[in-house]
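What follows is one structure encoded as structure tokens, with my remarks underneath.
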Amino acid sequence: MAALALFVAGSVAVTACGSGGAASGGAGQGQGGGRSERAERARLVSAAWKDSEAAKVWREGYYPLGDPVRLPEGAFRNEADKRAYLGRSFELRGTLPDPAGAKGAEGKVRWRAGGSLTVPVDSARASYERLDQGEGPGPALVVTGARFGSTSVLTSRGPATVPAWHFTLKGYDTPLTRVAVTGAEKDLEPPIEPLEMPTDDLAPLGGLASVSKDGRRVTVRAEHGSCDDGPAVDVAETGDSVVLSGWVRGTSDGPCKSDLRIKKVTVELDAPVGERLLLDAFTGMPVS
């Protein structure tokens, strides 16, 4: 959750367009010395996933993308509530429905483009415990109850409606919602091995933050340090995939703190993501 705190504190990056283009969170210094290496790695990742068994499993299964939590409107009222959420600190002052409130142990994922899948559903208690993982003293968000319902999420197969728990928070007019589906994902056998060592020229991304409604703007979390000009992300598009390559601009060789920073970077695509695979060049895996 420390990473979440860092990403919340960061600013959204400037965007750039086009296949092979770059979006940056800092001052531009060209494409970086590793541009050709990034392009070649992206080509290999894209080729490995094309028509692979892993791609088939990914497109046919349930793989949610992004945060499973939807914040209440107006969140947060104050800094104390924000700290409580970032610290995953909650306090239960009410009664949660029993598992029968979730219609047994199964629910339906329904895709906007058609099709559905029966999946296991968490109880209200299990979903609450996934929220409440803070330790030690400090402010807490007070949960007074919950109701079972649904919410919309982005998945590997596009937008879908999924089972969810809506938790009532003290001081808020709308609930905090958490997706109630966990453990439905099948293990993936990636068709290409990840790289071994992150460098300034190519590093793993910190996850998917959002995709715009038209599918043309993808925002990811990218890592960098305290002695550079910020992260950047290259884009390589094909008809089957979008490969994102994270790297760091303007690094210096002098004394530098070893702290890790995470910043949101937005890339603009030539065409909507659609059903194409969104892949991380470093890990060789889907960005999620």
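Bear in mind these aren't lab numbers, they're just calculated from the coordinates by the rules spelled out. What you are looking at is a predicted structure, and each value in this text was computed from that prediction instead of being measured. Glycine also receives a Cβ, built like all others from the backbone with ideal geometry; neighbour counts cover every protein chain displayed.
Points worth noting:
- Only Cα sites of the range 48-166 enter the Debye sum here, all with the same form factor; the resulting log10 I(q)/I(0) across q = 0.11 1/Å is -0.48, listed in q order.
- Least to most buried among Arg59, Arg130 (fewest other Cβ within 10 Å first): Arg59, Arg130
- Contact order, relative form, for the range 67-179: 33 percent (alpha carbon pairs under 8 Å, 6 or more residues apart, mean separation divided by residue count).
- Too-long pairs where the Cα-Cα distance tops 21 Å, listed order kept, from Lys82/Lys263; Lys56/Lys213; Lys50/Lys186: Lys56/Lys213
- Under 5 Å from the amide H of Leu92 lie the amide H atoms of Val143, each residue being 5 or more positions distant or on a separate chain, with H modelled from the backbone and absent for Pro and chain starts.
- Taking other C-beta atoms within 10 Å as the exposure proxy, Phe282, Phe167, Phe76 rank Phe76, Phe282, Phe167 from fewest upward.
- Top positive-direction residue, dipole computed over the range 67-179 with Cβ charges, set Ser152, Ser116, Leu176: Ser116
- 3J(HN,Hα) along the range 278-283: 9, 10, 9, 4, 5, 7 Hz, from the Karplus curve 6.51 cos²θ - 1.76 cosθ + 1.60 with θ = phi - 60°, whole Hz, x for Gly and Pro.
- Neighbour-count ranking [beta-carbon atoms within 10 angstrom, fewest first] of Ser245, Ser210: Ser210, Ser245
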